[in-house]
Amino acid sequence: MKSNFTSRLAIFAASVGALLTVAAPGWADTTAESAQRAQKLAVEVCSSCHGPGGVSVSPTFPHLAAQNRDYLVAQLVAFREHTRGEQAAHDFMYGMARSLDDATIHALAEFFSAQKPAPARRGDASLIARGKAIFDKGDPDRNIVACSVCHGADAKGSAVFPRLASQHADYVQKQLTVIQNALRAVPAMHGIVQSLKSDEMSAVAAYVASLN
Amino acid sequence: MPVCLRYLVARREAILALLLVIAVAPVHALPSYARQTGQNCIACHVSFPELTPYGRYFKLSGYTLGDRQTIPLAFMAQASYTKISDNQIDDGTGTGTTTALSEDNSKLKFTGASLFLAGKATDNIGGFLQFTYDGIAHHSGIDNTDLRLVGRYSAPGSQEPDLLYGLTLHNNPTVQDAWNSTPAFGFPFTSSPVANTPSTPSALVDGSLAQQDTGIGGYLYWRKTLYAELTLYRDSTGPFSWLRAPELAASTRLKGYNPYWRIAYNREWDAHSLMVGAFGMTGNVYLDPTDTNSPTNKFTDWAIDGQYQYITDPHVITAQATYIHENQSLDASFSAGNSANASNSLKTLRLKGTYYYQRTYGATLGYASTTGSADSLLYASGTPGTGFAANSVPDSTSWTLELDYLPVQNIRLMMQYIWYSKFNGASTNYDGFGRNASANNTLFLNLWIAY
């Protein structure tokens, strides 16, 4: 059973990697002009919700600091193209992203990915331990793949796999629910979280929030 | 039925039909700020008009975030039904017969509508102008208005504006404030225009100058933590007369420039935000608004206020508290025989707590209390329904329960009930004609839309 699961897991990771490589947005060099425009936007507009340098106060708004560049590009494009379907994306981000051109999106992603990450938040130790178990090992019997397969053992992700470390727990849990309801176009995640229960989401969210 | 009456009924039905059409329109049709930012109402409002932390930032940024709209118009309308507990009052003839307090009681009424010109003009200039038609009093005119010129300062290396600063031109004290614990946008956000409400004139900073005088002020907001403002209020005459709604003769007219001050400490952490603050003003008011040589009364107000908000999905909890103390130097009124005392005081306390689920289902409980000096001329007895008790005090106490349902973000269905335990100075027989405070308890059903 375990070896079957390991094989499936390897195939899954390879498939997701290949899929996301194909789906990843093209990369344009950030010019001095777009970098300046992005910094002005980040300081004067984005900071009003996402905080200075992308470290937000309210868990309604995710930390952007140190988030992976390619992931940020993909999300801003998804907001602009309305392919992220959850209510919060509609309420807050469609409008913010509607006027962003590709160069500005790339420069914003550069800006936020280069910021110092938000500090870790330690919470309930037993909840964190439970979340770590799911994050590291998944649950083979329920076809729940370990989160670390894509997001990395340290939850820092890579490329289009988002950094989860030190993200607001409430935001992570909300996104897991959103993905479970297929409101975000991330088919790779839909199967994984399908049988994840609410308390398990809460545990995983608490764990990643506790990581630096 | 006379032709003109049939026309009026048909027109009312047409208006209600129009409201219904607008009410069922899809939510993508949003007021002008939402069109400007591309964001939904809930980005800025817990439920309109109560602001979220981002809404406060948007307001203090001079309404300038987002893209300028070619035609920055928005529309608001209300239709309501009011049921006063006892709509019959003694007719004052001494015969024991009664008359109706309001002809609009127990009727569906088109309460009114507003047209807004609202949005950014440049990255540093924005505001709103509201024009309102009052469907009960059947008149129209300028309503709340707030125009701003703003700037931002970021220290070298700073990742957010360290300082927002701005100038504001407006026509109602505290309409420029960003917290809902100040009077202009405090609870209740709307209430029945048909109801019988306490007759005590409100404090100067608490609505007495609304749409009657002009404020020109400047403010600073430092790191979303400290807010300070100084505004000078003057009469709305000459170049400012367009900011006044009533005729000058019917207005509360200020003499000279009168200072208003405001300080607030704001803290935001996780899903919580807290503000504690104080504000106040001093105003010299002409006894005769048409005569600038007439003597003045001097009002000095100070207030403390606080607000707490917890905003998550799906739970939202908010609370506001406001206490206003007013010293009234009534030399002009006293000399003219309009007040029994040369000085009085007036104290107002308001408390309110709200819970919303999914920004759709809301419940609010509010408490309001007014107390003050006895004055047999200012708070005269002898008028059925609206007069004061024999003790001549301005005291009233009420509780308000409001249930809200927002099927979409720009439509609000309200059921509001207000209980009076004291009205115009007494709980029972306050008017001397046998009417109790509770007779003014009012049920208010309201449809409120913004488009």
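In what order do B:139, A:90, B:170 fall by count of nearby beta-carbon atoms within 10 Å, going from fewest to most?
Arranged by neighbour count, lowest to highest, B:139, A:90, B:170 become B:139, A:90, B:170.
In sequence order, what are the phi-derived ³J(HN,Hα) couplings for the stretch B:243-255 according to the Karplus relation 6.51 cos²θ - 1.76 cosθ + 1.60 with θ = phi - 60°, rounded to whole Hz, with x for glycine and proline?
Going residue by residue, I get 8, 9, 8, x, 4, 4, 5, 9, 9, 8, 9, 7, 9 Hz, with x marking Gly and Pro.
Consider all pairwise Cα distances in the stretch A:32-113 and report the whole-number % of them above 18 Å.
Numbers: 1165 of 3321 pairs.
The proportion of pairs with Cα distances above 18 Å equals 35 percent.
If you take every residue apart from residue A:117 with its C-beta less than 9 Å away from the C-beta of residue A:117, what net charge results, scoring Lys and Arg +1 and Asp and Glu -1? Walk me through the numbers on the way to the answer.
Numbers: positive: A:116, A:156, A:163; negative: none.
Value of the local net charge: +3.
How much FRET efficiency would the formula 1/(1 + (r/R0)^6) give for residue B:240 and residue A:81, where r is the Cβ-Cβ distance and R0 is 45 Å, rounded to 0.05? It would help to have the intermediate numbers written out before the result.
Numbers: r = 48 Å, r/R0 = 1.06.
Efficiency, from the Cβ-Cβ distance: 0.40.
Grab the DSSP H runs of chain B that are 4 residues or longer, score each as -39,500 (n - 2.57), total them, divide by all residues and round the 222 nm result to the nearest 500 deg cm²/dmol. Write down the numbers at each step before the final one.
Working: 5 runs with 44 residues, N = 451.
After summing the helix terms and dividing by the residues of chain B, the value is -2500 deg cm²/dmol.
Please enumerate, by chain and number, the lysines with C-alpha under 17 Å from the C-alpha of residue B:107, excluding those fewer than 8 residues away in the same chain.
B:83
How big is the stretch B:370-438 in terms of Cα radius of gyration and Dmax, in angstroms?
When restricted to Cα atoms, the stretch B:370-438 yields Rg and Dmax of 16.1, 50 Å.
Taking every Cα atom in chain A, find the radius of gyration and the maximum pairwise distance Dmax, and write them in Å.
In Å, with Rg to one decimal and Dmax whole: 17.0, 55.
For the stretch A:88-139, run through the trypsin sites (Lys or Arg not before Pro) and keep only the ones in DSSP coil with at most 13 other Cβ atoms within 10 Å of their Cβ. Intermediate values should be presented prior to the final figure.
Working: sites: A:98, A:121, A:122, A:130, A:132, A:137; in loops: A:98, A:121, A:122.
Taking the stretch A:88-139 and a limit of 13 other Cβ atoms within 10 Å, the loop trypsin sites (Lys or Arg not before Pro) found are A:122.
Fewest Cβ neighbours within 10 Å first, please rank B:281, A:96 accordingly.
Values: B:281 26, A:96 22.
Placing the least packed residue first, the sequence is A:96, B:281.
When a/c is below 1.5 the answer is rounded, else prolate if a/b is larger than b/c, else oblate, so apply that to the stretch B:164-294 with a ≥ b ≥ c taken from the square roots of the Cα gyration tensor eigenvalues.
Details: a/c = 2.44, a/b = 1.49, b/c = 1.63.
It is oblate, given that a/c is not under 1.5 and a/b is not larger than b/c.
Just rank B:93, B:70, B:111, fewest to most, by other beta-carbon atoms within 10 angstrom.
Working: B:93 9, B:70 6, B:111 24.
Ascending Cβ contact count within 10 Å gives the list B:70, B:93, B:111.
Work out the charge dipole of chain B with +1 on the Cβ of Lys and Arg and -1 on the Cβ of Asp and Glu about the Cα centre, then indicate which of B:221, B:292, B:383 is farthest towards its positive end.
The listed residue farthest towards the positive side: B:221.
Can you tell me the relative contact order of the stretch B:165-217? Whole percent, Cα pairs under 8 Å, sequence separation 6 or more. Could you put the intermediate results ahead of the total?
Working: 56 pairs, mean separation 29.7, N = 53.
The value is 56 percent.
Within chain A, which complete DSSP H helices have Cα atoms spanning at least 24 Å along the helix axis and a mean Kyte-Doolittle hydropathy of 0.5 or higher? Let's see the in-between values first.
Numbers: long enough: A:2-23 (30 Å, 1.04).
Passing helices, by number: A:2-23.
From the P(r) of the protein assembly as shown, can you give the percent of Cα pairs sitting at distances over 46 Å? Don't skip to the answer; put the middle values down first.
On the way: 61071 of 219453 pairs.
Within the protein assembly as shown, distances greater than 46 Å cover 28 percent of Cα pairs.
How high is the FRET efficiency between residue B:167 and residue A:141 when r is their beta carbon distance and R₀ equals 56 Å, given to the nearest 0.05? Let's see the in-between values first.
Details: r = 66 Å, r/R0 = 1.17.
Approximately 0.30, to the nearest 0.05.
What average count of beta carbons from other chains do you get within 10 Å of the Cβ of residues in B:117-125? Display every interim value, and only then the final one.
On the way: counts 0, 0, 0, 0, 0, 0, 1, 0, 0.
Average neighbour count from other chains, rounded to a whole number: 0.
Which pairs, out of A:40/B:120; A:116/B:120; A:40/A:156; B:255/B:347; A:116/A:197; B:298/B:352, put more than 22 Å between their alpha-carbon atoms? If you can, show how the numbers build up before the last one.
Numbers: A:40/B:120 18 Å; A:116/B:120 33 Å; A:40/A:156 27 Å; B:255/B:347 24 Å; A:116/A:197 32 Å; B:298/B:352 30 Å.
Violating the 22 Å limit, Cα to Cα: A:116/B:120; A:40/A:156; B:255/B:347; A:116/A:197; B:298/B:352.
Do the sum for chain A: with -39,500 (n - 2.57) for every DSSP H run of n ≥ 4, divided by all residues, what is the mean residue ellipticity at 222 nm, to the nearest 500 deg cm²/dmol?
Numbers: 11 runs with 113 residues, N = 212.
Mean residue ellipticity, 222 nm, calculated: -16000 deg cm²/dmol.
In the stretch B:164-243, which trypsin sites (Lys or Arg not before Pro) are in a loop and have at most 15 other Cβ atoms within 10 Å, using DSSP for the loop call? Walk me through the numbers on the way to the answer.
Working: sites: B:223, B:224, B:234; in loops: B:223, B:224.
Answer by residue number: B:223.
Could you derive backbone 3J(HN,Hα) for the stretch B:368-382 from the dihedral phi with the Karplus parameters 6.51, -1.76 and 1.60 (θ = phi - 60°), listing whole Hz in sequence and x where the residue is Gly or Pro?
These are the phi-based 3J(HN,Hα) values: 9, 9, 10, 9, x, 5, 6, 8, 5, 9, 5, 10, 6, 9, x Hz.
Chain B: longest stretch without exposed GluC sites (Glu not before Pro) (DSSP loop, at most 11 other Cβ within 10 Å), sites themselves excluded?
Details: sites that count: B:103, B:247.
Answer - B:248-451.
What is the Å³ per residue value for the convex hull set by the Cα atoms of the stretch B:51-120? Write down the numbers at each step before the final one.
Numbers: hull volume 11.1 nm³, N = 70.
In the stretch B:51-120, the Cα convex hull volume per residue is 158 Å³.
None of the figures in this text is laboratory data; all of them are computed from the coordinates on show. Note that the structure is a prediction, hence the values are computed from the model and not measured. Quick reminder, even Gly has a Cβ in these numbers, built from the backbone with ideal geometry, and neighbours come from all protein chains shown.
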